[in-house]
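So the structure is just underneath, and the comments pick up after that.
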Amino acid sequence: MDKIIYLDNAATTKPDVKKLELATKYYEENYFNPSSLYRGGRKVSCDISLFKSALLGKNRFKKVILTSCGTESDNTAIFGFCKRGNVVSTMGEHSAIYNSLMKIKEKGIEIRLAKLTKGGAVDQEDLYSKIDKDTCFVSVVHVNNETGAINPINLIADRVKEINPSCIFHSDGVQAYGKIECVLSENVDLYSVSAHKIGGLKGTGALICKEKLNVPPYIIGGGQEGGVRSGTENVLGLKLFADVYTERLEKINSNYEKMRRLKEIVTSGINKDLFTVISPDNGSSYIVSASAVGLRGAVLQNMLDDEGIIVGTGSACSSKKPFSRIISSFTKNQNLLNGVIRISFSPDTNEEDVKYAVERLNFNALKLSGKINK
Amino acid sequence: MKDAIIVRYCEIHLKGKNRSFFERLLVESLERALKGIKHSFKTINTRYLIEDYAEEDYSLIMSRLSKVSGIHTLSPAKVVDSNFEEIKDCAIKMVAGRRGEFKVNTNRADKKFPMHSVELSREIGAVLLDNYAPNIKVNVINPEFVLNIDIRECGDTLIYTDVIKGVGGLPIGSSGKGMLMISGGIDSPVAGYMLAKRGMRLEAIHFHSYPYTSEAALDKVKTLAKMVAEYSGGIKLHIVKFTHIQEEIHEKCPDDLMITMMRRFMMRIAEKVGKENGCQAIITGESLGQVASQTIESITTSNAVVSMPMLRPLIAFDKLEIIEISNKIGTYETSILPYEDCCTVFLPKFPATKPKMEAVLKAEKALDVEALIDEALKNVEVIAY
């Protein structure tokens, strides 16, 4: 097996090797501790400011707090602000949010989760109905990591603040950042992002937040990141993150158009007798989730893996927790839940590979179906 | 004064003329467990003494010894010359920092020692009270800790307070060799442990159904086999590719008999691989009535294909009792990792809980049993732990 067709880019992406080389070269020359006061350290400190402003893109009146990953960004937001009353979120959140909220719940804070509509977007009316004067924090994922459903977070944030202007609005933007055009509304207080989903390095994330918001420190130490997140900055990761994001931002529309074609190849090419598309039409074009109804996604994943085609599943094949928490929140069809596979793209995915993968997916699903259903 | 670990064995003293055979096996087990750690080894009457190890290796030695079958108890001890002054100094050091009610217990094997055992206990007890009262108090009926003084004939005295329970049972190798059918669940590693405890050497066999089960599930089985190997003094794990057999059964046989038929194939293969490797029994983690394949009827139909003795140490155990042992031997957390342990893709909705032998035999006629088994046997991966 020589060639690998990688279609699990929502899990992680291949690093942008050329930019990684540039970033490594930069790092070799600028290895000084950014907190030190000699010339080298001050230069790195200035560069960090530049890289961070690159991460803001077209956003105004926001600042960047560096973190080690999307999960840390989410945790910083939740454990910093969910202190009293109730917290409103959705059934479609990543585990970094969901499990943190379950932890907060143990401290006696009420957690209210809004329903999802078919496809995985939040049911907005249900969300708004859960917010009241005691709500201290609202978190709504921007792009659902399993189905690609997009929540219009600017609109949602504006409406949330109309209902309760004093609550904090957070969004997990890990699957949206650098992929879909978005200038955050002033009502989005906090926004979590991660580098390795767009060609950067694992271990690099950020929390984008409103300039005037005081975020309680999550990691205490030498006072880096305005005291919010101490620890010597991950300069190499940040430099690469800034570079890959800048390029993603420049090409955001042309990339999206390309993804739209790839998604179309999958949704129109898969055998409709075997598969049901779960992702909504108006969802992110970077992710297509479908179910081989009656079959098992993990088995298909293994069969394709043997042919050098890597796709994701909706869930870790598990006998204890067999189904995706997110997808099972809007459908109870066990056969559908069992068969979930997720195909996700990056700008370097090419059409021919996707066509071939769809063909093999159909072939293997048919083969498996023949074996299962006598 | 130097450190030592006292190792006491169990049951071996019951074995009349075979005693030296059991003792030799236990010594072998001990040496295998302590391989790579600097130490010396001494026999005193019905006990062993581990000495001359580096202080930092103590925890490692105790952890390894806690997995050796045949060991009844372990005691970290101090060894001093058999004279009153040394015994007294050592006792004072040993009891430092302790609180509660205690007694001193002396065993005077060396009859040349000038004081009688009761006398020595009393004297040492008095010295300890002088040093540490009111933190400690004598209670000879129901003490919270006991300071044991063991005056050996060789001129050494062992002093210890703690007695730590070992695995128990018989030394590995004293009860032949068995083939453990290991699935990746909670029960089979416990079954393996229990027979290792009774001195049985182990090999293990696992039936893998890739792509219907994942590589992660197989890794889990390997991890479990390795854990059991620490008790059984090594394990040879045989991994059999079972996918084709499953597909054939699914295609050609009635759905409700799927599991019974699968079990029959597994047993036959386990027996063949077992015989080739010198095993005298097959071990399973079956517990009566736990699942469809473990009812007495299912056990009867699957048992019928083998002639080797089937050992089912957990047959009368409740799940919670099995989980308790699983926790004790450290396999539980791995066993519950969420990967499917046997193929559920083909699992019928309503498996037969009381399969009839005639129906099973009839269903099996649709398959070329021998050819399928030969094919599976051609492709067995073996890993030694």
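Summary of computed values
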quantity: Residues within the range A:247-271 that are β-branched (V, I, T) and touching a Leu at 6+ places or on another chain (Cβ under 9 Å), tallied; calculated: 2
quantity: Criterion: β-branched (V, I, T) and over 22 Å from the mean Cα position of the chain (by Cα) - qualifying residue of A:I78, A:I163, A:I153, A:I168; calculated: A:I163
quantity: Among (1) away from chain B (no Cβ under 14 Å); (2) farther than 30 Å from A:K83 by Cα; (3) assigned to a loop (DSSP other than H, G, I, E, B); (4) not β-branched (V, I, T), the one test that A:R261 misses; calculated: (3)
quantity: Any hit, the range B:268-287, residues being free of Cβ contacts under 8 Å to residues at least 24 places away in the same chain and either more than 14 Å from chain A (Cβ to nearest Cβ) or hydrophobic (A, V, I, L, M, F, W, C) (or both); calculated: yes
quantity: Every residue from the range B:59-77 that is out of contact with any Phe, Trp or Tyr (no Cβ under 7 Å at 6 or more places or on another chain) and surrounded by 15 or more Cβ atoms within 10 Å (Cβ to Cβ); calculated: B:R64, B:L65, B:S66, B:V68, B:T73, B:L74
quantity: Flag for A:I180 being within 18 Å of the chain's Cα centre (by Cα) and at pLDDT below 95; calculated: yes
quantity: Any hit, the range A:309-332, residues being over 17 Å from B:S209 (Cβ atoms), buried (at least 23 other Cβ atoms within 10 Å of the Cβ), among the small types (G, A, S) and modelled with pLDDT of 90 or more; calculated: no
quantity: Residue among A:I104, A:I111, A:I48 that alone is assigned to a strand (DSSP E or B), of a type outside the set (F, W, Y) and out of contact with any Ser or Thr (no Cβ under 6 Å at 6 or more places or on another chain); calculated: A:I111
quantity: Filter result (surrounded by 13 or more Cβ atoms within 10 Å (Cβ to Cβ), farther than 16 Å from B:G166 by Cα and touching a helix residue (DSSP H, G or I) at 6+ places or on another chain (Cβ under 8 Å)) within the range B:24-42; calculated: B:I37, B:H39, B:F41
quantity: Selection from the range A:123-146 of residues that are among the hydroxyl-bearing types (S, T, Y) and in contact with a Gly (Cβ under 7 Å, 6 or more places away or on another chain); calculated: A:T135
quantity: Residue ID - farthest from B:G199 (Cα to Cα), chosen from residues in the range B:31-80 that are outside any loop (DSSP other than H, G, I, E, B) and small (G, A, S); calculated: B:A77
quantity: Matching entry among B:N142, B:N107 (being closer than 21 Å to B:D3 by Cβ and outside the structural domain of B:V273 (by TED's automatic domain parsing)); calculated: B:N107
quantity: The range B:238-259, residues that are assigned to a helix (DSSP H, G or I) and either away from chain A (no Cβ under 14 Å) or of a type in the set (A, V, I, L, M, F, W, C) (or both); calculated: B:I245, B:I249, B:L257, B:M258, B:I259
quantity: Flag for B:F41 being of a type in the set (F, W, Y), more than 30 Å from B:I87 (Cβ to Cβ) and either in contact (Cβ under 8 Å) with a residue 60 or more places away in the chain or assigned by TED's automatic domain parsing to the domain that holds B:T157 (or both); calculated: no
quantity: So B:C90, is it in contact (Cβ under 8 Å) with a residue 60 or more places away in the chain and over 22 Å from the mean Cα position of the chain (by Cα); calculated: yes
quantity: B:S335 surrounded by 13 or more Cβ atoms within 10 Å (Cβ to Cβ), within 14 Å of another protein chain (Cβ to nearest Cβ) and either among the aromatic types (F, W, Y) or within 22 Å of B:G285 (Cβ to Cβ) (or both); calculated: yes
quantity: Residue within the range B:368-383 that is touching a helix residue (DSSP H, G or I) at 6+ places or on another chain (Cβ under 8 Å), more than 14 Å from chain A (Cβ to nearest Cβ) and at positive phi present; calculated: no
quantity: Identity of the residue in the range B:219-232, crowded, with 19+ Cβ neighbours inside 10 Å and not small (G, A, S), that ends up nearest to the other protein chains (Cβ to nearest Cβ); calculated: B:K220
quantity: Qualifying residue in the range A:284-303 (condition: closer than 28 Å to A:F330 by Cβ, surrounded by fewer than 17 Cβ atoms within 10 Å (Cβ to Cβ) and more than 14 Å from chain B (Cβ to nearest Cβ)); calculated: no
quantity: Only one of A:N187, A:N271, A:N255 that is assigned by TED's automatic domain parsing to the domain that holds A:F363, on the phi < 0 side of the Ramachandran plot and assigned to a loop (DSSP other than H, G, I, E, B); calculated: A:N271
quantity: Set B:I235, B:I186, B:I205, B:I182: member being within 14 Å of another protein chain (Cβ to nearest Cβ), surrounded by 21 or more Cβ atoms within 10 Å (Cβ to Cβ) and under 22 Å from the mean Cα position of the chain (by Cα); calculated: B:I186
quantity: Pairs, first farther than 14 Å from A:A365 by Cβ in the range A:260-279, second of a type in the set (F, W, Y), C-beta under 7 Å, six or more apart; calculated: A:L262/A:F345
quantity: Test: residue in the range B:340-354 that is within 14 Å of chain A (Cβ to nearest Cβ) and within 30 Å of B:S66 (Cβ to Cβ); calculated: yes
quantity: Residue among A:E72, A:E21 that alone is free of Cβ contacts under 8 Å to residues at least 40 places away in the same chain and either among the charged types (D, E, K, R) or not assigned by TED's automatic domain parsing to the domain that holds A:N145 (or both); calculated: A:E21
quantity: Extreme residue, nearest to B:E55 (Cα to Cα), among residues of the range B:106-119 that are within 37 Å of the chain's Cα centre (by Cα) and surrounded by fewer than 16 Cβ atoms within 10 Å (Cβ to Cβ); calculated: B:N107
quantity: Members of the range B:180-199 that are under 18 Å from B:L218 (Cα atoms), of a type in the set (A, V, I, L, M) and out of contact with any Ser or Thr (no Cβ under 6 Å at 6 or more places or on another chain); calculated: B:L180
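Let's see how each residue does on (1) within 14 Å of chain A (Cβ to nearest Cβ); (2) closer than 21 Å to B:P309 by Cα:
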site	(1), (2)
B:T161	no, no
B:Y193	no, yes
B:M200	no, yes
B:T213	yes, no
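The values are calculated or read from the model by the stated rules, or taken from the named source; none is laboratory data. In this text the structure is predicted, and so the values were computed from the model without any measurement. Glycine also receives a Cβ, built like all others from the backbone with ideal geometry; neighbour counts cover every protein chain displayed.
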